[in-house]
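As structure tokens, the structure follows; a few thoughts come after it.
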Amino acid sequence: MKAQLIGMADEKYRKFSSALIPNIDNVLGVRLPELRKLAKQIAKGDWRTYLEQAENDYFEEVMLQGMVIGCVKTDIEEILRFTAAFVPRIDNWSVCDSFCAGLKAVKTNRRRVWEFLQPYLASEQEYEIRFGVVMLLDYYIEEEYIDRVLELLDHTKRDRYYVRMAVAWAISVCFVKLPERTTAYLESCALDDFTYNKALQKITESYRADPETKQRIRGMKRE
């Protein structure tokens, strides 16, 4: 598999992709649509053996493993076992966010996955927390969960950049989907100034917020 990925590498794309993920230096330059195509092929075969034996030398090797977990057809408990084994391999925002977006089995197993996510949201590790936060924004910003989501976002450990950015992003999505509940939260939240102001910025950048709302949100900025 390593040789196959090396053969798929594109030097121009490697430079472009590397610039977007400044904290890693092991990018080959394989385009994501090609990785997704390969993941679907693997998921149709002996994917368990692949996941158990896959190496982690390159960014694309880790990204591919996450994509395969998202593609496989099995029960939620097995998916969560492989997810638990995979999360410690996450060391950048790109793998984290792509992996979360691909876990479509969450949609029919929200209660079970909610329980599974709690230790990650209480973690001390930057990308474990980001994994939990991005899972919340991908699958749980709805009426049933919004109050619990906002409470968790308010209490996550936010001393690392990629956690702060994920929390700000999540709050902006909360606002777009449930503006009244999120506005009430913002008026009394315990967010640090950076995360709070970044959340407001992301709200004002959303095409789904009207000009009047954006002006009001700008007026909430902390100095």
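Can you give me the distance in nm between label points at E144 and I21, each placed 7 Å from the Cα along the Cα-to-Cβ direction?
3.3 nm
To one decimal place, what Kirkwood hydrodynamic radius in Å is obtained for the chain from all pairs of distinct Cα atoms? Show your work: numbers first, answer last.
Numbers: mean 1/r = 0.0538 Å⁻¹.
One over the average 1/r among Cα pairs gives 18.6 Å for the chain.
Cross-link candidates for K2: which lysines have Cα within less than 27 Å, leaving aside residues fewer than 8 places away along the same chain?
K12, K15, K37, K40, K44, K73, K104
Would you tally the net charge around I171, using a Cβ to Cβ cut-off of less than 10 Å, leaving I171 out, and scoring K and R as +1, D and E as -1? Spell out each step's value before the answer.
Numbers: positive: K198, K202; negative: D154.
Taking every other residue near I171 into account, the sum is +1.
What is the fewest-to-most order of I203, I129 by other Cβ atoms lying within 10 Å of their Cβ?
Starting with the residue having the fewest Cβ neighbours, the order is I129, I203.
Hey, in the GNM for the chain with a 10 angstrom Cα cutoff, which one of A101, A43, A19 fluctuates hardest?
A19
Semi-axes of region 1-107's equivalent ellipsoid from the Cα gyration tensor, sqrt of 5 times each eigenvalue, largest first, rounded to whole Å?
Values: eigenvalues 102, 45, 28 Å².
Taking √(5λ) for each eigenvalue gives 23, 15, 12 Å, largest first.
Using a Förster radius of 41 Å, what is the FRET efficiency between Q4 and R218 based on their Cβ-Cβ separation? Nearest 0.05, please. It would help to have the intermediate numbers written out before the result.
Values: r = 49 Å, r/R0 = 1.21.
Efficiency computed from Cβ-Cβ geometry: 0.25.
D75 versus S206, label points 7 Å from Cα toward the beta carbon: distance in nm?
3.8 nm
A short reminder: the numbers here are calculations on the coordinates, not readings from a lab. For clarity, every value in this text was computed on a predicted model and none was experimentally measured. Cβ sites come from the backbone with ideal geometry, for glycine too, and all protein chains shown count toward neighbours.
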